[in-house]
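Worksheet for the structure shown next.
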Amino acid sequence: MKCYIFFFILSFFSLFGYEHTVSIAAIFQNEAPYMKEWIEYHLAVGVDHFYLTNNRSEDDYLKVLKPYIDHGIVDLFHLDTAPTSEKDWIKVQQTAYLNTGVFARGKTKWMAFIDLDEFIFPVKHLNVKNFLKKYDRWPSICINWLEFGTSNIVGRPLARLLMLENCTVSIANRSTKDLKAECLQADIIISATGVAGLIKKDMVKKDAIVIDVGINRINLDGGKSKLVGDVDFESVKEIASAITPVPGGVGPMTIAY
């Protein structure tokens, strides 16, 4: 699946000079387990600052963000409106990004708008600043966004690695006939299908090890959402000898470049 991520020049000229060359604007909800990884990664590739808008999170996001706020790396905003439909959410998102742009105008030169499960990866440059230098005369640019299918980034490479360790490997997918029978034979189940709740308790044999690589966002009442994996965690944990949670397990795997 291909989309685009946009970088915008918020202003071609700043009277007192820019505080930041490259910033990211993002809206988040209940994504505290991944925030530190996401921020540290983007700092490493040349992002200077983050304008983050909290969409009524109920996790410990503030504990994660406080050190970055104290050091002037993050500006934090809050959404008060609870969207009740996809159409409402688009309006709320647009308003939040517009307010962020107005706030940051004159402070940052380039602004990228992404989500917390997306990572900007400068393929041919050491950092994103070097990439953006040749686009100074343009008001905005877009870069390819690619979400890798599980067969290419997880399934096939992982199968090869396991076979090198003398494991007998079976590969299945969401369309596999009698998937339950295949799963019940496995001592280790590694799921990366992107189907929420696909693996249930009756599909896992006692004391199997379950590694959930899937990451899916499901909608809840009141316009809220949460991240879940491919595995029905609450039921499967009763029978598995070990299981990774989502979030808090293997982490996000979406890369933007």
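Coordinate-derived values only; no laboratory data. Computed from a prediction, not measured in an experiment: that's the story for all the values here. No Cβ is skipped: glycine too gets one built from the backbone with ideal geometry, and neighbour counts run over all protein chains shown.
Could you tell me the calculated FRET efficiency between Asn173 and Asn216, based on Cβ-Cβ distance and R0 = 25 angstrom, to the nearest 0.05?
Values: r = 15 Å, r/R0 = 0.62.
For R0 = 25 Å, the calculated efficiency reads 0.95.
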Set the Förster radius R0 to 51 Å, insert the Cβ-Cβ distance between Thr95 and Ile209 as r into 1/(1 + (r/R0)^6), and round the FRET efficiency to 0.05. 0.65
If the chain between Asp202 and Phe77 were fully stretched, how many nm would it gain, using 0.36 nm times the residue separation less the Cα-Cα distance? 40.6 nm
Looking only at lysines whose Cα falls under 25 Å of Lys129's and that sit 8 or more positions away or on another chain, we get Lys2, Lys36, Lys107, Lys109
Place the peptides 170-176, 27-33 in order of packing, highest mean first, counting for every residue the other Cβ atoms within 10 Å and averaging per peptide. 27-33, 170-176
